[in-house]
Amino acid sequence: MLYRKIGKTEENVPALGLGTWGIGGESTPDYSRDSELIINMEIALDMGYRHIDTAEYYGDGHTEELVAEAIKIFPREDLFIVSKVWPNHLNKEELEKALKRSLKRLKIDYLDLYLIHWPNPDIPLKESLDTMAGLKRKGFIKHMGVSNFDKALLKEAIHVSPEPISFNQVLYNMVDRNPEKELLPFCLENDVNLTAYSPLRRRNLLSVENILNEMAEKYDCTIYQIMLAWLLSKER
């Protein structure tokens, strides 16, 4: 497993994470395939995945419940568990409640990383980050971060946060390369790990399909291995 350093710390995070969007539902719970999906996640963990990414929004919390079942036989200290808080829970009172609900569903005592899922212009960013920082100091969170923040908003978050912003999770793959313009260089300059979601862009690869197929044939691998290798070649 490849690892990346977290921000300015000497701690590491597995570079490849297991995303769980659609497991157990999307915006609402789906209980129809629970046993199958738990087994699939257990297989991924047996293969070596230790970085698990989820969110309170996924399956309206049910995804976190399924993750809890899949990880329960693995030592907690070996796992890097990420969850995210939804925009309507970003004020002080609701954010703390949301975090504790996520921990309860995941059946763990702390998150390795807690992210603001999407920005909410109606709630002061400082209020959200002050609250997260307080929860970090209490031991409920090890690292803080954001998701779907552009350069300007990430810069503001770094400025107002009492604790380091270690991650920004954004849409980034061989087709969706907008982060390369400003965001990725800014993250590199400020010790923020840029995490790519939808790294395999499951829909519409037409613009890169030919070159991916050529490279897959040349190197005797799949196009998805090439897409992941391309992302992993970035510095952070």
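The values are calculated or read from the model by the stated rules, or taken from the named source; none is laboratory data. Everything quoted here is computed from the prediction, not taken from an experiment. Virtual Cβ from ideal backbone geometry, glycine too; neighbours counted across all protein chains shown. Surface accessibility is based on the protein's heavy atoms, side chains included, excluding ligands, DNA and RNA. Shrake-Rupley method; radii C 1.70, N 1.55, O 1.52, S 1.80 Å.
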Next item on the list: Among what's in the range 1-25 and is farther than 27 Å from Q225 by Cβ and open to solvent by 90 Å² or more (accessible area, probe 1.4 Å), pick the residue that is modelled with the lowest pLDDT.
Entry: K8
Checklist line | Cβ pairs under 9 Å, 6+ apart, first in the range 147-171 and within 12 Å of E182 (Cα to Cα), second open to solvent by 20 Å² or more (accessible area, probe 1.4 Å) and of a type in the set (V, I, T) | finding: none
Item checked: Those residues of the range 121-141 which are of a type in the set (S, T, N, Q) and more than 20 Å from T195 (Cβ to Cβ), in sequence order -> T131
Notebook entry, point to check: Since I108 meets every condition but one in (1) outside any loop (DSSP other than H, G, I, E, B); (2) open to solvent by less than 50 Å² (accessible area, probe 1.4 Å), which condition does it not meet?
Noted result: (1)
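Looking at D176, is it touching a residue at least 40 places away in the same chain (Cβ under 8 Å), closer than 23 Å to L113 by Cβ and either in contact with a helix residue (DSSP H, G or I) (Cβ under 9 Å, 6 or more places away or on another chain) or not hydroxyl-bearing (S, T, Y) (or both)? Lay out the reasoning, then the answer.
Values: touching a residue at least 40 places away in the same chain (Cβ under 8 Å): no; closer than 23 Å to L113 by Cβ: yes; either in contact with a helix residue (DSSP H, G or I) (Cβ under 9 Å, 6 or more places away or on another chain) or not hydroxyl-bearing (S, T, Y) (or both): yes.
So D176 fails the test.
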Next item on the list: Out of the residues in the range 155-200 that are part of a loop (DSSP other than H, G, I, E, B) and under 16 Å from the mean Cα position of the chain (by Cα), state the one that is surrounded by the most Cβ atoms within 10 Å (Cβ to Cβ).
Entry: V192
Check: When residues of the range 155-193 are filtered for being touching a Lys or Arg at 6+ places or on another chain (Cβ under 6 Å) and of a type in the set (V, I, T), how many remain?
Finding: 2
Checklist line | Residue within the range 142-152 that is in contact with a helix residue (DSSP H, G or I) (Cβ under 6 Å, 6 or more places away or on another chain), buried (at least 21 other Cβ atoms within 10 Å of the Cβ) and not in a loop (DSSP other than H, G, I, E, B) present | finding: yes
Note to self: Regarding the range 132-140, can at least one residue be identified that is within 26 Å of Y172 (Cα to Cα), modelled with pLDDT of 95 or more and surrounded by fewer than 22 Cβ atoms within 10 Å (Cβ to Cβ)?
What the structure shows: no
Note to self: Cβ contacts < 9 Å: first residue closer than 21 Å to L188 by Cβ and touching a residue at least 12 places away in the same chain (Cβ under 8 Å), restricted to the range 217-236; second residue open to solvent by 80 Å² or more (accessible area, probe 1.4 Å) and outside any helix (DSSP H, G or I), any location; separation 6+ or different chain. Result?
What the structure shows: L232/L2; R236/K5
Notebook entry, point to check: Of all residues in the range 43-60, how many are of a type outside the set (F, W, Y), more than 11 Å from L18 (Cα to Cα) and buried (at least 20 other Cβ atoms within 10 Å of the Cβ)?
Noted result: 3
Margin query: Just to verify a result, which residue in the range 191-229, among those that are of a type outside the set (A, V, I, L, M, F, W, C) and in contact with a Leu (Cβ under 8 Å, 6 or more places away or on another chain), is nearest to A152 (Cα to Cα)?
Written below: Y197
Next item on the list: Can you tell me which residue within the range 106-154, out of those that are polar (S, T, N, Q) and within 18 Å of G17 (Cα to Cα), is nearest to the chain's Cα centre (by Cα)?
Entry: S147
Check: Do any residues in the range 104-124 that are farther than 12 Å from K84 by Cα have Cβ atoms under 9 Å from those of residues that are β-branched (V, I, T) and open to solvent by 50 Å² or more (accessible area, probe 1.4 Å), where the two are at least six apart or on different chains, and which pairs are they?
Finding: none
